[in-house]
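The values are calculated or read from the model by the stated rules, or taken from the named source; none is laboratory data. The shown structure was predicted, so the numbers you read here are calculated from the model rather than taken from an experiment. Here Cβ is always computed from backbone atoms with ideal geometry, including for glycine, and neighbour counts include all displayed protein chains.
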Amino acid sequence: MDTTTGRIESIDFWRGLALAIIFINHIPGNVVGEITPRNFGFSDASEAFVFISGLMTALAYGRRFSSGRVAEASGVLFKRALHIYCVHIALTVLALLLFLIAADVLEDASLLAQRVCAAISSAPINGVVSLVTLSWQISYFNILPLYVALLCIAPALLYVGARSRWLMLLLSETIYIVGRSLGSAIPFAPSDQGWYFNPLAWQLMFAGGLFIGLSRPQAFAPYWRAAYCAALLFTLCAAIVVSNAFGVAPGLVDAAGRFLDWDKSNLGTVRIIAFIALAYSIYCSNLTKVLCRSSIYRACSLLGRHSLPVFCLGSLLSALGQILNETRLASPALDIVYVAAGLLVLVEFAKVIESRKGWNSMAAGDRSAPRHAAFGVAAMAAGFAMKGGGLARKTRA
């Protein structure tokens, strides 16, 4: 733990890494996305982001609930939810403006911009009402509404968790089962689809983070050799299946997918198992200690310390990347350069925020860490692209 800030830097690192991966994955079809975890496992950065959010919520507010300050802590959480809600509305408006400007500038009118803005342009009043009530969300801009819902649920979970972590988990699992049976109960407008992230299902991942966070000051998780080996084996098998045996067995993932509860919107059970296995493997392997002196560790920790503004800027940069992919400039080379530049911008942006807030944790470190981290990812992507001999561009979210 950083004694000057009270934060656990390793948690900041993994949260920052999740944000960097989300930025990359929210530019569908880009070549760098081929090396992100979603292509080598049943879960992705979304599970990590939600789990860590629950973990940090427990660390920040758990003691208040345990000491009986329920009303005070609940008020803070609801205020935080309102803040996130306002940020989401502002971010969505900025994204709409970005897409509209792109549609106007591009002579052939970006198809992406047309899809995003159709709901607003066809029925402006209904579109605005749907936006404000969170019943209409832009694709790739639907994580913050989920976070708002989770923060509203958090007081009830923490109240129960302060008395029994296991009872809280049982309550969460019950909500999950009900949520899976109902689907996403909050409809979109003007379409009849539900939220992309069903909050009644995804609260289980959030509750998992609360469960671990409420275990402090004990160890986050005990080490069991048999469980560690099983987690490693499951993670390896998942990587083989999802990657089509690393390209050797085309169609393997499609065949397996017919028998697996892998739905992302409703947090399929295989996604939960995969995340737990991966997280436990990482935790028991002491990978964090191995990485802690690297430039990537320092850069990602910086991103994680300022997750909300970094996420917002990253979302807008991802939207710009989506627009560029609709132009004639789209190419694997542009993907690599754009992602590297985007990561560098995010880290430099976080540095500015940190300097203004009086943080000094990066001051003693290597000032070139952000640049090394960004171009390190780019170099990995370049090597992967050359080894693959021209990867197909995917559009899976």
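Picking from residues in the range 30-59 that are touching a Lys or Arg at 6+ places or on another chain (Cβ under 6 Å) and not in a helix (DSSP H, G or I), the one that is surrounded by the fewest Cβ atoms within 10 Å (Cβ to Cβ) is 44.
Go through (1) closer than 23 Å to residue 242 by Cα; (2) in contact with a Ser or Thr (Cβ under 9 Å, 6 or more places away or on another chain); (3) modelled with pLDDT under 90 for residue 380 and report which single condition fails. Every condition holds for residue 380 apart from (2). Scanning the range 261-291 for residues that are surrounded by 13 or more Cβ atoms within 10 Å (Cβ to Cβ) and of a type in the set (D, E, K, R) yields 261, 263, 264, 271. If residue 289 satisfies every condition in (1) in contact (Cβ under 8 Å) with a residue 12 or more places away in the chain; (2) closer than 30 Å to residue 351 by Cα; (3) not aromatic (Phe, Trp, Tyr) but one, which is the exception? Answer for residue 289: the failing condition is (1). Once the range 281-321 is narrowed to residues that are closer than 28 Å to residue 180 by Cβ and more than 18 Å from the chain's Cα centre (by Cα), the residue that is modelled with the highest pLDDT is 281.
Selection within the range 220-260: residues that are of a type in the set (Phe, Trp, Tyr) and assigned to a helix (DSSP H, G or I). The member of this set that is surrounded by the most Cβ atoms within 10 Å (Cβ to Cβ) is 234.
Taking residue 363, is it at pLDDT below 85 and under 22 Å from the mean Cα position of the chain (by Cα)? In short, no.
What about residue 68, is it surrounded by fewer than 15 Cβ atoms within 10 Å (Cβ to Cβ), closer than 22 Å to residue 165 by Cα and not aliphatic (A, V, I, L, M)? So residue 68 fits the description; yes. Scan the helices (runs of 4 or more DSSP H) fully inside the range 135-219 and keep the ones with 2 or more residues being within 25 Å of residue 314 (Cβ to Cβ) and at pLDDT 95 or above. Once the helices (runs of 4 or more DSSP H) in the range 135-219 are filtered for at least 2 residues that are within 25 Å of residue 314 (Cβ to Cβ) and at pLDDT 95 or above, what remains is 143-161, 199-213.
Among residues of the range 60-75 that are without any contact (Cβ under 8 Å) to a residue 24 or more places away in the chain, those with a beta-carbon under 7 Å from a residue that is surrounded by 15 or more Cβ atoms within 10 Å (Cβ to Cβ) at least six positions away or on a different chain give the pairs 64/73; 72/64.
Kindly evaluate residue 15 against the criterion of being within 15 Å of the chain's Cα centre (by Cα) and in a helix (DSSP H, G or I). I'd like the intermediate steps shown before the answer.
On the way: within 15 Å of the chain's Cα centre (by Cα): yes; in a helix (DSSP H, G or I): yes.
Here the answer is yes, as residue 15 does meet what is asked.
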